[in-house]
Structure formats: C-alpha cells, structure tokens
Amino acid sequence: MARLTRKQIGEMFGLAPGEEERVFTRVSGYETADAEAIVFARDAAALEIAIESAAGLILAPLGTAPGRDARVAAVKDPKYAFAVCARWLEGPKAGGVHASARVAESAVLGEGTSVGAGSVIEAGVRIGAGCEIGSRVTIQAGSKIGNGVVVQAGAVLGSTGFGYVRGPDGRYVRFPQIGTLWVGDDVEIGANCTIDRGALGETRIGRGTKIDNLVHIGHNCRIGEDVMIAAQVGLAGSCVVEDGAMLGGQVGLGENVEIGAGVMLGGQGGVLPGKRLDGAGKVFWGTPARPVREYLRDLARLKKG
Amino acid sequence: MARLTRKQIGEMFGLAPGEEERVFTRVSGYETADAEAIVFARDAAALEIAIESAAGLILAPLGTAPGRDARVAAVKDPKYAFAVCARWLEGPKAGGVHASARVAESAVLGEGTSVGAGSVIEAGVRIGAGCEIGSRVTIQAGSKIGNGVVVQAGAVLGSTGFGYVRGPDGRYVRFPQIGTLWVGDDVEIGANCTIDRGALGETRIGRGTKIDNLVHIGHNCRIGEDVMIAAQVGLAGSCVVEDGAMLGGQVGLGENVEIGAGVMLGGQGGVLPGKRLDGAGKVFWGTPARPVREYLRDLARLKKG
Amino acid sequence: MARLTRKQIGEMFGLAPGEEERVFTRVSGYETADAEAIVFARDAAALEIAIESAAGLILAPLGTAPGRDARVAAVKDPKYAFAVCARWLEGPKAGGVHASARVAESAVLGEGTSVGAGSVIEAGVRIGAGCEIGSRVTIQAGSKIGNGVVVQAGAVLGSTGFGYVRGPDGRYVRFPQIGTLWVGDDVEIGANCTIDRGALGETRIGRGTKIDNLVHIGHNCRIGEDVMIAAQVGLAGSCVVEDGAMLGGQVGLGENVEIGAGVMLGGQGGVLPGKRLDGAGKVFWGTPARPVREYLRDLARLKKG
C-alpha cells in the first residue's frame, strides 16, 4: 500500500516542519478520518469542523490557523494539495486484463494498463501504459490511446460516425466511416460516453482533457488539451474545441463549430453549425450562444416586457 | 404461473361481486386479449372499444357502465388497478445470476435477486432481495442497493464522479472519488444511466424513485422518495431533489441545485448552480427555470414584439 | 476482397469511358490514397487538391474538369457515388456470432448476420439477414429486427418503458411494459442508444431510418421511413415521426408529439406534449419549437430591446 510521510508532503507543498516521520495512508472526509488520514479545509469555517475530526493531517489555507493544532498544515491551495496526495496514495497500478475481457491478439497494451470485465478491445488498437479501462468498455479498430488514460464503464471509443448521403431515390447511404481515433495522455472519459472515429480522417482528444458521463463526440472532432466537458454534452461532426475550454452540462455544438481556447460555455448552451466562439475566460450562454451578459440582459428585458 | 381470481381482485379494489371463481392470468391490450386477460378502459369511449374485445375482465371508471356487461368491473382508478394486477401476476421472482455475469466473491445478493448476462458486480457491493439487475449492468464498489430495485441493461452505478482541481501548471488532477452510493427500496433505474458514487461522502437515491433511460446523476446528489426523473436528465454534483418532485426529459441541474418537494420542472428546463425551486405542485420551465406562467408570458411578449 | 472496375462504376453512374479494366479496392481520403483507391471532390477547389493525391479514381462534379486528368470521372453527385462505391467495396458480410455473445436458443438470426462480443439476444428475438449487431448490445424479448440493420455497441433495444401510475398512497406502480419493438430494414442505430418496447402495443422504427448515438426512444413511438435522428435526441412515449423528417442533436419531444413528413427540427428544439409540427421541408427551432424565421425574429427583437 502506498504511503506518504509528513516530510514528503512538506517537500511537495513547502510546508512548515511538523512531525516529519508521521505516516499517512489515505485521504478521507471528516466523518471517516483517522490518524492515518489526510483531510482538507477550504476555509476557516471548514477548518473548525476539520479540527473536530480524528484526521492526522489537515491541509488548510495559508493564514487560517497559525499554530493552533499540530495537525494543521497551511498550503496555498489545500484542495489541490489534497487531490495530489490522493493521487499519490493510489500507488502504482497493477494492470492486468480481466478474464472476461476480449482483447484482440493484434491489440497492444502498455505496462500497468488494466482492462475491466466484459470489455472489448478490437484488432489493431494501441493503448499506452498505466491506463485504466473500466468494465464493459468497447474500443473499436482504428483507435490509438495514450498513457495514463482512464475510460469508465460502458464507454464506446471509435464508434461509426453519423454520416449519410441521400440518393436520388430518397434513401440514405452511409458515407464511409473508416478513419481513426487518437486519444492523448491523461485523458479521462466518463461512463457510457460515445466517441466516433473519423470518417476518412481522425478524431482527436488532446492531452489532459476530462470528459464526464454520457458525452457524445462526433467524427473528426478535434479537442485540445486540458479541456473540460461536462456530462451529456454533444458535439456534432468536425468540431474544434481549443485548449483549456470548458463546456457545461448538456451543451450542444453543431457541425464545424469552433470553441476558442479558454472559452467557457454554460450548461445547455447551443452553437449553430459553422460558428466560432472566442475569448479566453469569456463566458457564453444560451441557444444560440452569446456572451453571458448579453443573454442575461435579454432575459431581463423579457421580464420587464 | 401467478393467477388472480375475480374474488381476489374484488377484495383489492372493492368491486361489486361478479363471477368470483373466474381466473385471470395476464393483463393485455384489447387486440391480444382473451378470456384470461384483464384490460382497462380509461373512460366511456375506451370502454366501448374494450367491450368489443375478448377480454375476461374490463376495469372501467366508476359510473361508466352500470351492469351492461358482466365482464365490466367499476373501480375508482382503472389504470392503477390494472397496473396493480399486472404487478401481482408477474409472480414471485426466480432470482439467479446469469453464468456470464461477474459477481465479486465479497458482493452480497439478497433472496430472489437476479443478475443478467454480462453484468459486473464489484467487490463489497450489497444488493437487497427481489432486485432485477438487467444485462450488462455495472455496479461498482461502494454501492449499497435496497430491496425490489430494478436496474435496466447497460446502466452504470457507482461510477467515478467528475471532480478535478486545476494545478498551478494548468493541468487537472482528479479530486478523490472514493465515496459511496446508496439506493433505496423499489427504485427503478433505466437503461444506460450513469449514477456516480460520492466524492468523499454519499450519493443517495430515495425509496420508490423512478429514473428513465440515459439519465446522469452526479456525485453527492441526494434524491428523495417517489421522485420521477424522465429520460436524459442530467444532475451535476451535490444536487438535492426532494420527495415527489418531477423532472421532465432532458432537464439539467447545475451543481448544488435544490428542487423542493413536489416541484415539477418541464422538459429541457435548466437551473443555475446553487439555485432552489420551491412549491409543491408548482410547475417551472425554461432556462433559467421560472414559473411556467411567467415563462409563457415572456414568450407571448416576444411574439407581440 | 471486394473490388470494382472502372467499367462497373461507369455503368452505375453513367460515366464517360475511361480505363475500363482498371481495378479499385478501397475508398479513402486524399492523404492515404493509392492507385487502387477512389476519392471524391465536392467542388472545383477540392478537385485541385484531389489531383495532387495518388488516388486511382477521382469522382468530381459534372463540369469541373473536362478531360484534364484521366483519373477524374464526372458524376452528378460525387459524394453519393463515393458512398455507393464504399458500400459495394465492403463486400458480402461474413456473419457469425462471437463466442462471448449470449444468444437465446429461441432467438432466430438471418443469414450473414453478425453479433459482436458480449452482446445479449434474449428469447424469441427475431433478427433478419445481413445485420451487424455490434459488441455489448442488448436486444430484449419482444423485438423483431429487419434485414440489413446495424446496431452499434452498447445499444439497448426493447428496454422497459417509463410508465407508472401513482397510487392513493403516493407511490408509483409500474404500468405493464409488455409490448413489442419492430425495426424495419436498413435501419442504423448508434452506440449506447436506448429504444423501449411498447407498453401494451408496439414501438416501430421504419425502414431506412438512421439514429445517431445516445438517442432515447420511448415506448409506443412510431418512427417512419428514412428519418434522420441526430445524437442525444429524446422521444417521450407515443410520439409519431413521419417519413423523411430530420431531428437535430439533443431535440426533445414530449409525449404524443407528432412530427410531420419532411419536417426539420433544429438542434435542442423542444416540442410540448401532444403538439404537431407540419410542413415538408419546413424548419422549426427553439423550445417550444416554432418556425425558424419566427424564432430568429424573436431573438432579434430581444436584442433591440
């Protein structure tokens, strides 16, 4: 089991010295904390409650509690420090393919990568090292997955995209969906998501991007790095979402939409095909999406009548 | 096979006496009804059609057809009586785990609980009695499921929630998602739903709550009893939905939203993070959600220009 | 492996004669094209790029490039011709049930139908010829599937619908969901979709209809032929969608909604229970959905204040 000493934590976050040899083995909430548990307090009020717990180490904001309890360690961002400790305490990944998973002979899995029960990894798929592929995941041919990627239960990667051409008889013929899917390092993909491979080209999810449950990403989308995509978001084909953008729950993007770097689009917002939203840190909302101030002004006008 | 006599049905719903020993073995629509089938008529017009069928028992509203056909039984709420008969006729559940399901040794299943093909029940999960876990369901560690719970195919219970902390390098680290999921008795969960476990605490679904397909419920949500959640609804983390509330299809709730007891929120309605909707029987609609009258008045104003 | 000669393609699309015996084995994008590959150009600008590729045949619009390169073949609709060639080159389907799929003994599968890993086909299900059932699909009892149907990974067909009756004690009892599901020829259903069987009657998906990922279709819906349904659309119970209609991504229809033949409803549009939209080729948008011109005029008015 992984463990952290007070000293190690001190070195990571520049803590003032404490009981340096003390050992911690887990993070927890206040109720279930014990002497080996690390907890965090987001502010002075939370710290009051944290101190009542049995936690062995309390990460608290700088300046909240100078010296009042030996267990309190002041850091710049306690929540971040807590998350980093949690990650560390998970320890190295064992890896291994569950007996009931079906991994094609020609698929390649990196070291320490695990594949859960009932998952299906098709021919030619390449998965990097240290990945956690949950239970009942499907990764279809033509997919290449980086290192440290997490895919939760039921997700489908590399599915056939939705592209059809209507013939002179009024019937639809499928446009070939024979492209690829590329997923960068440290991407996390939620349960029951569906991510289509490219039609002729590539669908791309950049390093560090996090995707919540039940998200749909259409063929040929290009998602940048460190993008946050909340649950039930849907991207039609060929969308571009640049680095650090944030899409709220149930957002919908039409075909060929572009979301600029660092743009935030509020929940249920919708963008018309071919449009672009731009401006790092700028917040958009509504359907069709507009700057949030404008949207709220519109709503206020409605109320006044 | 389960069966009901006219007498038993009479006792359940206070029917006037009829052919007391007559036996019914199924419920059905009009077209496929036979002498052993029970049908219902919601009103006098439907009763005209029902009488043309070969059904052996016709549940009809009080007062619609006094004595015109021996098969007609007048009850206060024929649809409800029909549903209760249907439930009864399903009989006791056989239970049993399909050979292809993967149930961890340390998981505990109650009597009469069935687990369908390809399902995955992780270590330490506890499932009560008389539950129906469909095919290809995943129930992750940290989940405790009550009695009489129905989980349809492809649902994922106890998935890892969507919580990250951004570091000084701009990259996201996952906040620990090590809490639990508690599901009360008689809850029903639709196909391909995703319900996250708590981050540090608990996600809770109260007794009798019904959840349609493709619904997402984030970490630490607390859903009350007898709540109705239609398809594709999405709840961000830490929402509270109180007893008897109703959420229409594709509703979206931001983080920390509270929906008061008995509130109805119309389809596609959206609520901003931290807001509360209140008032039993009150109907809300739109994004951001407002009382339906207000929303419709706003729309009417728009049209007038 | 399937192959097409220049002559065969010429006969299909009325091409001017070329190197009639030349053989093509695949379609591709420009970058990966070789002498056996067919590509297409949607217009004169694309043709310039296509000509730089190593493709053996370039399908181009009539009139774009008379005789400048022997590889260019002019057709009325190059994208359609390309899709038809792609379909042809897929060749006959091998069929076959993956060893890990669970097909009930009483289920019937047509010739050339394939069932992927981990899929579950319940008792009494009938599937036609030449179907492709992906991995981890569930098709529940009471489902009848036509010929040439494609069902992608994780989809659930014939699930239990969302219908409940509230009793005098305030608790919900499930209305029986014992009907059937009928899916016509050449229907395609995306990954992780959920399609409910009828309550007492039938849910129906007409020939040639195409359904994208994560779509929900409630009990007793009747979908016509050649309908296009984009990702994450949700249909409540008993909706009717007539032939050739198009529903954009995340559209939501309330119970008993009717969408007339050829109607187009833009992404995220919502229709109130019991309403009907009508007019072939007419475009609707917004919630509640109204003619798109009206919706845009409303938005413009808002901006003017």
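The values are calculated or read from the model by the stated rules, or taken from the named source; none is laboratory data. If you're wondering where the values come from, they're calculated on a predicted model, not measured in any experiment. With ideal geometry, Cβ positions are generated from the backbone for all residues, glycine too; neighbour counts draw on all protein chains shown. Just so you know, the surface numbers come from the protein's heavy atoms only, side chains and all, with ligands and any DNA or RNA stripped out. Shrake-Rupley method; radii C 1.70, N 1.55, O 1.52, S 1.80 Å.
Two decimals, Cα atoms only, Kirkwood Rh: what is Rg/Rh over chain B?
Values: Rg = 23.2 Å, Rh = 21.7 Å.
Ratio value, two decimals: 1.07.
Starting from the Cα of B:LYS282, draw a straight line to each of the lysines and keep only those under 29 Å, dropping any in the same chain fewer than 8 residues away.
Excluding near neighbours in sequence, the set is A:LYS303, A:LYS304, B:LYS76, B:LYS79, B:LYS210, B:LYS303, B:LYS304, C:LYS275.
Over all alpha-carbon pairs in segment A:173-305, figure out the percentage whose distance exceeds 18 Å.
Values: 4490 of 8778 pairs.
Considering segment A:173-305, 51 percent of its Cα-Cα pairs are separated by more than 18 Å.
So what's the angle, to the nearest 10 degrees on a 0 to 90 scale, between helix C:292-304 and the longest Cα principal axis of chain C?
80 degrees
Mind listing the label-point distances from A:GLU52 to the same position on all other copies, shortest first, one decimal in nm, points 7 Å along Cα→Cβ?
7.0, 7.0
Output the relative contact order of segment C:10-145, whole-number percent, from Cα pairs under 8 angstrom with separation of 6+ residues. Walk me through the numbers before you get to the answer.
Details: 287 pairs, mean separation 20.2, N = 136.
Relative contact order for segment C:10-145 comes out at 15 percent.
Along the principal axes of its C-alpha atoms, what lengths does the protein assembly as shown span, in descending order and rounded to whole Å?
In descending order, the Cα extents are 90, 83, 64 Å.
Using Cα pairs under 8 angstrom and six or more residues apart, how large is the relative contact order of segment B:35-102, in percent?
27 percent
Mind giving me the FRET efficiency for C:LYS282 and B:ARG126? R0 is 51 Å, r the Cβ-Cβ distance, nearest 0.05 is fine.
It comes to 0.40.
Could you check the simple spin-label distance between C:GLU21 and C:ARG171, using points 7 Å along Cα→Cβ, in nm with one decimal?
8.0 nm
Sorted by mean Cβ packing within 10 Å, highest first, what order do the peptides B:256-266, C:87-97, C:114-124 take?
Those peptides, ordered most packed to least, come out C:114-124, B:256-266, C:87-97.
Roughly speaking, what % of Cα-Cα pairs in segment B:111-204 are separated by over 20 Å, rounded to a whole number?
35 percent
Could you calculate, for segment B:116-165, the ratio of the Cα radius of gyration to the Kirkwood radius, expressed as Rg to Rh?
On the way: Rg = 11.4 Å, Rh = 11.3 Å.
Taking Rg over the Kirkwood Rh, I get 1.02.
Can you pull the accessible area of C:MET228 for me, 1.4 Å probe, Å² to the nearest 10?
20 Å²
Write down the accessible area per residue of segment C:160-305 in Å², having rolled a 1.4 Å probe over the full set of protein chains.
I get 33 Å² per residue for segment C:160-305.
So how tilted is helix A:78-89 from the main axis of chain A? Cα-based, degrees 0 to 90, rounded to 10.
For helix A:78-89, the angle is close to 80 degrees.
Considering segment A:44-94, what Rg and Dmax in Å follow from its alpha-carbon atoms?
Taking only Cα atoms of segment A:44-94, I get Rg and Dmax of 12.3, 41 Å.
Let me confirm one metric for peptide B:124-134, namely the mean number of other chain beta-carbon atoms within 10 Å of its residues' beta-carbons.
1
Starting from one equal scatterer on each C-alpha and no solvent at all, send me the Debye-based log10 I(q)/I(0) for segment B:1-73 at q = 0.22 Å⁻¹, two decimals.
Log-scaled intensity ratios, in q order: -0.94.
Between Rg and the Kirkwood Rh of segment B:65-221, both from Cα atoms, what is the Rg to Rh ratio?
My calculation of the ratio gives 1.14.
For segment A:93-117, which residues drop by 40 square angstrom or more in accessible area between the chain on its own and all protein chains together (1.4 Å probe)?
A:ARG102
I need the inter-copy label distances for B:LYS7: point set 7 Å along Cα to C-beta, values in nm with one decimal, smallest first.
When each copy's label point is compared with this one, the spacings are 8.4, 8.4 nm.
Could you tell me the center-to-center distance, by alpha carbons, between segment A:114-143 and segment C:134-171 in angstrom?
One Cα centre to the other: 26 Å.
Using alpha carbon centroids, what distance separates segment A:42-93 and segment B:264-305, in Å?
Between the Cα centre of segment A:42-93 and that of segment B:264-305, the gap is 41 Å.
Measuring from a point 7 Å past the Cα of C:LEU62 along Cα-to-C-beta, which residues in segment C:1-21 have an amide N at less than 17 Å?
Only C:10-17 fall inside the zone, counting backbone N under 17 Å.
Please give the charge dipole size of segment C:81-165, origin at the Cα centre, charges +1 on K and R Cβ atoms and -1 on D and E Cβ atoms. Round to the nearest 20 debye.
On the way: 6 positive and 5 negative charges, 17 e Å.
Roughly 80 debye for segment C:81-165.
For chain B, modelled as a GNM with alpha-carbon contacts under 10 angstrom, which of B:GLY208, B:GLY274, B:GLY198 fluctuates the most?
B:GLY274
Treating the beta-carbon of each Lys and Arg as +1 and of each Asp and Glu as -1, no other charges, what is the dipole magnitude of chain C about its Cα centre, to the nearest 20 debye?
Rounded to the nearest 20 debye, it is 1000 debye.
May I ask you to evaluate 6.51 cos²θ - 1.76 cosθ + 1.60, the Karplus curve with θ = phi - 60°, for each residue of segment A:95-105 and list the ³J(HN,Hα) values in order in whole Hz, giving x for glycine and proline?
x, x, 9, 4, 4, 8, 6, 10, 9, 4, 4
What's the long-distance tail for segment B:1-136, i.e. % of Cα pairs beyond 24 Å?
Pairs farther apart than 24 Å: 43 percent.
What distance in nm separates the simple spin-label points at C:ARG297 and C:TRP88, each placed 7 Å from Cα in the Cβ direction?
4.9 nm
Within segment B:13-32, list the residues whose amide N lies under 18 Å from a label point set 7 Å along Cα→Cβ of B:THR5.
Under 18 Å, as judged by backbone N against the label point of B:THR5, lie B:13-26 of segment B:13-32.
Magnitude of the Cβ-charge dipole of the protein assembly as shown, K/R +1 and D/E -1, about the Cα centre, nearest 20 debye? It would help to have the intermediate numbers written out before the result.
Values: 99 positive and 99 negative charges, 431 e Å.
Using Cβ point charges on Lys, Arg, Asp and Glu, the protein assembly as shown gives about 2080 debye.
Can you give me the relative contact order of segment A:105-157 as a percent, contacts being Cα pairs under 8 Å and 6 or more apart?
34 percent
Express the Stokes-Einstein translational diffusion coefficient of segment C:208-255 in µm² s⁻¹, to the nearest whole number, given a Kirkwood radius over alpha-carbon pairs, 4 °C and a viscosity of 1.567 mPa s.
Approximately 126 µm²/s, per Stokes-Einstein.
What are the ³J(HN,Hα) values, in whole Hz, obtained from phi via the Karplus relation 6.51 cos²θ - 1.76 cosθ + 1.60 with θ = phi - 60°, for each residue of segment B:277-287 in sequence order, with x given for Gly and Pro?
3J(HN,Hα) across segment B:277-287, in whole Hz: 10, 9, x, 4, x, 7, 10, 10, 7, x, 10.
What are the nm distances, shortest first, from B:PRO92 to its equivalents in the other copies, labels at 7 Å along Cα→Cβ?
Listed shortest first, these distances are 5.3, 5.3 nm.
Select from C:GLN152, C:SER100, C:TYR295 the residue farthest towards the positive end of the dipole of the protein assembly as shown; place +1 on Cβ of Lys and Arg, -1 on Cβ of Asp and Glu, and compute about the Cα centre.
Of C:GLN152, C:SER100, C:TYR295, it is C:TYR295.
Once Lys and Arg get +1 and Asp and Glu get -1 on their Cβ, which of A:ALA50, A:VAL84, A:VAL72 lies farthest toward the positive end of the dipole of segment A:39-85?
A:VAL84
Provide the buried accessible surface between chains C and B in square angstrom, both chains summed, 1.4 Å probe, rounded to the nearest 100.
Counting both chains, the buried surface is close to 3800 Å².
Between beta-carbons, use under 12 Å as the cut-off and find the net charge around C:THR25, counting Lys and Arg +1, Asp and Glu -1.
Counting the neighbours of C:THR25, the net charge comes to 0.
Have a look at B:MET228, B:VAL115, B:GLY198 and report the one farthest towards the positive end of the charge dipole of chain B, computed about the Cα centre with Cβ charges (Lys/Arg +1, Asp/Glu -1).
Result: B:GLY198, furthest along the dipole toward the positive end.
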